[in-house]
Amino acid sequence: MKITILGSGTSQGVPVIACPCEVCQSGDQRDKRLRSSALIESEQTNLLIDAGPDFRQQMLREKVTKLDAILITHCHKDHIAGLDDVRSFNYLFGKPMDIYASERDQIAIRQEFSYAFHENPYPGVPEFKLITLPESDFAVKDLTITPLDVRHMHMKVFGFRIGGFTYITDANLIPADTMELIKGSKVIVLNALRKQKHISHFNLTEAIDILQKLKPEKAYLTHISHMMGKHADVQPELPDNIFLAYDGLKILID
């Protein structure tokens, strides 16, 4: 299984528009962060986690020519705004895109992309097949997916475990029963917004504390703000098995 970090940035991305800070002005490509998303590839399946505003750019950059389904962590704009661009896959494969989302998030998708759900839609609109995320394991072709209940302040959002890989973004609380479901993961991707405390996201210290309890072989931090600091400055501060993710990062899992 191969995981590609399509985007590792927070809702504004990095650089932030008009920001003069040293991170936003950095020439290091690792400090150029599109909105958070990941692609999981197995022998049979290409599976996307979230389709934010940079979805089109991410698909083109990674030369993705096949997509079987999209998993939605939650309905905030930076995680669903790019769904309109599934039109290309609709056309190529002649079918709607399978989108796994909670009932709450399906309502938001129907509102955001109302034109795609008209009784007589305009030709060429995106075609979505909305599928309610189950509370237990489910399969997309050869991949078995475990939904993970985490909290984004008061909002329930989903992480996902797929084999030895776990992906969680936009969380500031992982319930004890979810921690049990994550244990044993070889690789964990977890959000860490910045060094300062935040009301609805883990900060760097909180993310490290959780990862040290879970003890994966390797862990990567995502959904990173320009307030975290420059990649080259922050990485040496981290434990040996924890890394800042960056756009285009490839992770292989047996």
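Of note:
- Note on residue 111 and residue 61: the extension gain reaches 15.1 nm, defined as 0.36 nm multiplied by sequence separation minus the Cα-Cα distance.
- GluC sites (Glu not before Pro) within region 153-239: DSSP coil, no more than 15 neighbouring Cβ in 10 Å: 217
- For region 10-85, the set of GluC sites (Glu not before Pro) satisfying both a DSSP loop assignment and a count of at most 10 other C-beta atoms within 10 Å is given as 43.
- The label-point distance for residue 237 and residue 132, in a model that sets each label 7 Å from Cα toward Cβ, rounds to 4.4 nm.
- Per residue, the solvent-accessible area of region 1-140 (1.4 Å probe, heavy atoms of protein chains only, all protein chains present) comes to 49 Å².
- Helical content alone sets the calculated 222 nm signal of the chain at -5000 deg cm²/dmol, taking -39,500 (n - 2.57) per DSSP H segment of four or more residues and averaging over every residue.
- Whether region 119-254 is rounded, prolate or oblate, judged on the alpha carbon gyration tensor where a/c under 1.5 counts as rounded: prolate
- Antiparallel %, DSSP beta bridges [both residues in the chain], to 5: 55 percent
- Placing dummy labels 7 Å off each Cα toward the beta-carbon, the span from residue 186 to residue 87 is 4.0 nm.
- Debye, to nearest 20: dipole size of region 190-244, +1 on Lys, Arg Cβ, -1 on Asp, Glu Cβ: 140 debye
- Among 83, 133, 99 the positive-end extreme of the charge dipole of region 11-144 (Cβ point charges): 83
- Carbon + sulfur, % of accessible area of region 122-231 - ligands and nucleic acids excluded, 1.4 Å: 54 percent
- Global form of region 105-159, assessed from the alpha-carbon gyration tensor, a/c cut-off 1.5: oblate
The values are calculated or read from the model by the stated rules, or taken from the named source; none is laboratory data. Please read all numbers here as calculations on a predicted model, not as lab measurements. Virtual Cβ from ideal backbone geometry, glycine too; neighbours counted across all protein chains shown. Just the protein is used for accessible areas: all its heavy atoms, side chains included, with ligands, DNA and RNA removed. Shrake-Rupley method; radii C 1.70, N 1.55, O 1.52, S 1.80 Å.
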